[in-house]
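For reference, the structure discussed in these notes is given below.
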Amino acid sequence: MDEYIERYGAIRIWAAAVTVLAVAVVALAAAFPQRVYVDLIWQYYWGPVVADAHGWSCVAWADGAQVPCTEVGLDAGPTAEPGYTAVSYAGYIPTLLLLLVGIYFLIDWLDLERYRAGFFALFPFMLFGGALRVVEDTSVAAYRETGELVLELPWIGFLISPLIYFTVFLVALGAIVAAVWLERNDYVSGYEYPLVGIGAVALAATLAFLGYTAATEQYAVFRPLIPTIVLGAATVSTAAVWLGIERFAPGLNRGTGYMGIVIIWAHAVDGFANQLMLDWSHLWGMTYTPKHPVNEAIVTYTAALLPESAEVIGSAWPFALLKLAAPVFIIWLFNEEIFEESPRFAYLLLVAVVAVGLGPGTRDMLRATFGV
């Protein structure tokens, strides 16, 4: 393998692998439309997006007409539900890994420095991703009210997980390229300053749209108590965990430093937003069901093993505890040695770690905040 890398270069091999895989998927779908496209790609990947875009609990493939399952019989063809499955994870995880490798090559090509500053500068984009996802939730609310989507398929699909990760990545990529250009042409002293600025503007514009919708449309509201609860709980618990690490195991954060605070806080937001939505959303007249297998398993087993406590404090609280414990394990993994041996990949992975926590957490929190 090393011989091929030396002869052709790692980037060419990566590009060739991505191209071959893409062509193979398209060719198989064209050659076997029912078995490959309908029964696999549509049922596990695109069908859930269609259902999510319309707010349907289930969508059926009725001879190519994508309609709610309630409108067709049992023999209408395969069906799909919003959320993830083991099959979809089997496709998304390798795709994510390929994307991370491509981003690594991109960082190498841009010859970025000050990775730690870049990590913090990307923070607004992670919040932006969650807020942008709520724009799609607003579209679902509009569809229920008016029968019209804010943005038609397939475009609205790029605001739905997991495609939204690619959307936010492209926005962030454009911002990084612009920021690096500004630095290298001596317009700014560091690329991180325009980068964080662009992210903040994107986030502010998205929140402004959501706020405007809440102020002008009947299908949206504004509940400031919800972000107060989630962000307050996440901040207090992050402070407690961080101070505990500093007091009892200071060696854990020698590699990540203050980045560890961001990592813990991001996943704490996800944990408490999920707990609030799954256990207490009924207080605001909402219902929410878990879309991830981990959330669903935790809620199911907690309710079965601790039925009495589940009635009092809910059944999603173990997920919040898990989202506080997991970042500590991650911080322990990213020691000083990892940053010394492969700093680019280490920082890239940490950005991904924060994004997969803060993106869904921000979405759940803002979705409840605006009642969509």
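Flag: ALA220 does not match the condition of being surrounded by 13 or more Cβ atoms within 10 Å (Cβ to Cβ) and either in a helix (DSSP H, G or I) or modelled with pLDDT of 95 or more (or both). Among all positions in the range 121-132, there is at least one residue which is aliphatic (A, V, I, L, M), farther than 30 Å from TYR44 by Cα and either out of contact with any helix residue (DSSP H, G or I) (no Cβ under 6 Å at 6 or more places or on another chain) or at pLDDT 80 or above (or both). Could you tell me which residue of the range 95-120 is nearest to ILE263 (Cα to Cα), considering only residues that are open to solvent by 70 Å² or more (accessible area, probe 1.4 Å), of a type outside the set (A, V, I, L, M, F, W, C) and modelled with pLDDT of 80 or more? Per the stated criteria, the residue is ARG116. Picking from residues in the range 182-203 that are free of Cβ contacts under 8 Å to residues at least 12 places away in the same chain and closer than 12 Å to PHE125 by Cβ, the one that is least open to solvent (accessible area, probe 1.4 Å) is GLY197. Where helices (runs of 4 or more DSSP H) fall entirely within the range 293-372, those with at least 3 residues that are open to solvent by less than 30 Å² (accessible area, probe 1.4 Å) and modelled with pLDDT of 85 or more are at 317-333, 343-369. Checking each residue in the range 75-100 for being among the acidic types (Asp, Glu) and under 19 Å from ALA53 (Cα atoms) picks out only GLU81. Pairs meeting the criteria (first residue in the range 331-351 and at negative phi, second residue small (Gly, Ala, Ser) and in a loop (DSSP other than H, G, I, E, B), beta carbons under 7 Å, at least 6 apart or on different chains) are PHE334/GLY255; ASN335/GLY255; GLU336/GLY255; ILE338/GLY255; PHE339/GLY255.
The set of residues in the range 239-275 being part of a helix (DSSP H, G or I), among the aliphatic types (A, V, I, L, M) and free of Cβ contacts under 8 Å to residues at least 40 places away in the same chain consists of ALA239, ALA240, LEU243, ILE261. Listed by first and then second residue, the pairs with beta-carbon distance under 8 Å, at least 6 apart or on different chains, first residue in the range 145-160 and within 17 Å of PRO82 (Cα to Cα), second part of a loop (DSSP other than H, G, I, E, B), are ILE156/LEU149; ILE156/VAL150; LEU159/LEU151.
The values are calculated or read from the model by the stated rules, or taken from the named source; none is laboratory data. What you are looking at is a predicted structure, and each value in this text was computed from that prediction instead of being measured. Reconstructed Cβ throughout: ideal geometry from the backbone, glycine too, with neighbour counts over all protein chains shown. Ligands, DNA and RNA are excluded from the accessible area calculation, which covers all protein heavy atoms including side chains. Shrake-Rupley method; radii C 1.70, N 1.55, O 1.52, S 1.80 Å.
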